[in-house]
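Asks: This is the structure I have questions about; it appears just below.
The values are calculated or read from the model by the stated rules, or taken from the named source; none is laboratory data. Just so it is clear, the model here is predicted, and its values are computed rather than measured. Cβ placement follows ideal geometry from the backbone for every residue including glycine, while neighbour counts extend to all protein chains displayed.
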Amino acid sequence: MTTLVFLDPVHPAGRLADAASPAILATDQGVTRGDGIFESLLAVDGVPRKLQAHLDRLAASARTMDLAIPAAESWEAAISTAVAAWTDSQTPAAADDAGPGAAAAAAGETQCVVKLIATRGPEGANTTTAWVAVSAVSPALAVQRQKGLAVVLLERGYDSDIAARAPWLLMGAKTLSYAVNMAALRHAHTLGADDVIFTSGDELVLEGPTSSVLLAHISDDSGVPVKRLITPHLDTGILPGTTQGALFAAAKAAGWELGYGPVTPADLLDADAVWLISSLRLLAPVNTIDGAEIGTAEIRKALTDELSALLAKTL
Ligand SMILES: Cc1ncc(COP(=O)(O)O)c(C=O)c1O
């Protein structure tokens, strides 16, 4: 079940709404044009993870598309209301259907997905619609972390310098227009793969449809041991990943060398490990890219365990 809280000046703590009833006008430009922005974050035992980073990125996305959004305090209040209401709904007595959230709560840990959404509002009204939706974490994400992913490279259709040349494409903003990203995932599934890494027209590695890309080297070209993490440069128009950012900070403190792209497909194939990383999925190792194995199963698992432990400390 989903808990819904609208940001509403009349209700400083947010206005609880029934997620099973219609709540958005059919003329809302978020619905008619995908004209809006969002964030997805994880809350553990009622505490939203990396909240400031997500609120900062929401504000940056809003600036990119000239969208007025409520102040950070209003989001924080609505998030507290929504997470508390969702947590209450997961108590064994309340959760008749014993969904995945209830199962996690019974195991002593309460995790939920917190979505922040803001749209340009109904046509002609000049008001932003903003709400928080809280729901259970999909069990499929833990499976991805454990089993790893078969990934295909797919073209995004832009060169890596498009963001600076064409700001109207809103590159690097987390807009509601994710239909292309979802279509890319469906295309990957028809190819028998689990997920996608987008490449630019000039053949650089970008990001996944819902994740950042990370690669590791544990030895250099002459076999000397190193600990090096690399992610594609943000200039390529990708979304700045809050999870990649948190992991880089923790990895630096643990002695890893950090680098920002350019990353080519050959760099991915040459890496000891590659991951798709995001707030809900955390670190999911990439087993194969276009059918070619990345590193070895042992190295992938050892590095995933090491970096997941570092990431857990930051969350
Ligand atoms: C396109 C894209 N890139 C990267 C990410 C990873 O961002 P974060 O780590 O902040 O969840 C996401 C997350 O949904 C995404 O949609």
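Asks: I'd like to check something: does the stretch 39-54 contain any residue that is exposed (fewer than 14 other Cβ atoms within 10 Å of the Cβ), on the phi < 0 side of the Ramachandran plot and charged (D, E, K, R)? Give the derivation first.
Replies: So the first thing to find is which residues in the stretch 39-54 are exposed (fewer than 14 other Cβ atoms within 10 Å of the Cβ), and the list is 45-47, 52.
Narrowing the set further to residues that are on the phi < 0 side of the Ramachandran plot leaves 47, 52.
Next cut, charged (D, E, K, R) only: none.
Looking for residues that are exposed (fewer than 14 other Cβ atoms within 10 Å of the Cβ), on the phi < 0 side of the Ramachandran plot and charged (D, E, K, R), one finds none in the stretch 39-54, hence no.
Asks: Does at least one position in the stretch 208-216 carry a residue that is closer than 30 Å to ALA59 by Cα, assigned to a helix (DSSP H, G or I) and within 15 Å of the ligand (Cβ to nearest atom)?
Replies: Taking the stretch 208-216 and keeping what is closer than 30 Å to ALA59 by Cα, we get 208-215.
Adding the requirement that they be assigned to a helix (DSSP H, G or I) leaves none.
Within the stretch 208-216 (the criterion being closer than 30 Å to ALA59 by Cα, assigned to a helix (DSSP H, G or I) and within 15 Å of the ligand (Cβ to nearest atom)), the answer is no, since none of the residues qualifies.
Asks: I'm trying to understand the selection: among the residues of the stretch 44-86, which are polar (S, T, N, Q) and either more than 13 Å from the ligand (Cβ to nearest atom) or in a loop (DSSP other than H, G, I, E, B) (or both)? If you could, list the steps in order and put the result at the bottom.
Replies: Initially, the stretch 44-86 is screened for residues polar (S, T, N, Q), giving 52, 61, 64, 74, 80-81.
THR64, SER74, SER80, THR81, listed by residue number.
Asks: Can you tell me which residue in the stretch 221-265 is farthest from the chain's Cα centre (by Cα), limited to those that are within 14 Å of the ligand (Cβ to nearest atom) and among the hydroxyl-bearing types (Ser, Thr, Tyr)?
Replies: Once the filter is applied, the top-ranked residue is THR236.
Asks: Tell me, yes or no, whether the stretch 64-78 has at least one residue that is loosely packed, with under 15 Cβ neighbours inside 10 Å and within 19 Å of LEU176 (Cβ to Cβ).
Replies: Within the stretch 64-78, one or more residues are loosely packed, with under 15 Cβ neighbours inside 10 Å and within 19 Å of LEU176 (Cβ to Cβ).
Asks: Return a yes/no flag: does the stretch 206-213 have any residue that is surrounded by fewer than 22 Cβ atoms within 10 Å (Cβ to Cβ), among the small types (Gly, Ala, Ser) and either in contact with a helix residue (DSSP H, G or I) (Cβ under 9 Å, 6 or more places away or on another chain) or within 23 Å of ALA254 (Cα to Cα) (or both).
Replies: No - not one qualifying residue is present in the stretch 206-213.
Asks: Among (1) in a helix (DSSP H, G or I); (2) more than 10 Å from the ligand (Cβ to nearest atom); (3) surrounded by fewer than 20 Cβ atoms within 10 Å (Cβ to Cβ), which single condition is ASP202 missing?
Replies: (1)
Asks: In addition: From the list ALA166, ALA150, which residue is more than 13 Å from the ligand (Cβ to nearest atom) and touching a residue at least 60 places away in the same chain (Cβ under 8 Å)?
Replies: Numbers: ALA166 fails: touching a residue at least 60 places away in the same chain (Cβ under 8 Å).
Within the list ALA166, ALA150, the selection yields ALA150.
Asks: Can you name every residue in the stretch 9-43 that is within 16 Å of the ligand (Cβ to nearest atom) and either under 14 Å from ILE117 (Cβ atoms) or modelled with pLDDT under 95 (or both)?
Replies: Residues satisfying the conditions are GLY34, GLY36, ILE37, PHE38, GLU39, SER40, LEU41.
Asks: Can you tell me how many residues in the stretch 180-197 are part of a helix (DSSP H, G or I) and in contact with an Asp or Glu (Cβ under 8 Å, 6 or more places away or on another chain)?
Replies: So the first thing to find is which residues in the stretch 180-197 are part of a helix (DSSP H, G or I), and the list is 180-190.
Those still in the list that are in contact with an Asp or Glu (Cβ under 8 Å, 6 or more places away or on another chain) too: 185, 188.
Residues flagged as part of a helix (DSSP H, G or I) and in contact with an Asp or Glu (Cβ under 8 Å, 6 or more places away or on another chain) within the stretch 180-197 amount to 2.
Asks: Restricting to strands (runs of 3 or more DSSP E) lying wholly in the stretch 241-307: which have 3 or more residues that are of a type in the set (A, V, I, L, M)? Break it down into steps so the answer makes sense when it comes.
Replies: Values: elements: 257-260, 273-278, 282-289.
So the answer is 273-278, 282-289.
Asks: Here's a follow-up. For the stretch 194-214, name all the residues that are under 24 Å from the mean Cα position of the chain (by Cα) and without any contact (Cβ under 8 Å) to a residue 60 or more places away in the chain.
Replies: Of the stretch 194-214, the ones under 24 Å from the mean Cα position of the chain (by Cα) are 194-201, 203-214.
Correct list: ASP194, VAL196, PHE198, SER200, GLY201, LEU206, GLU207, PRO209.
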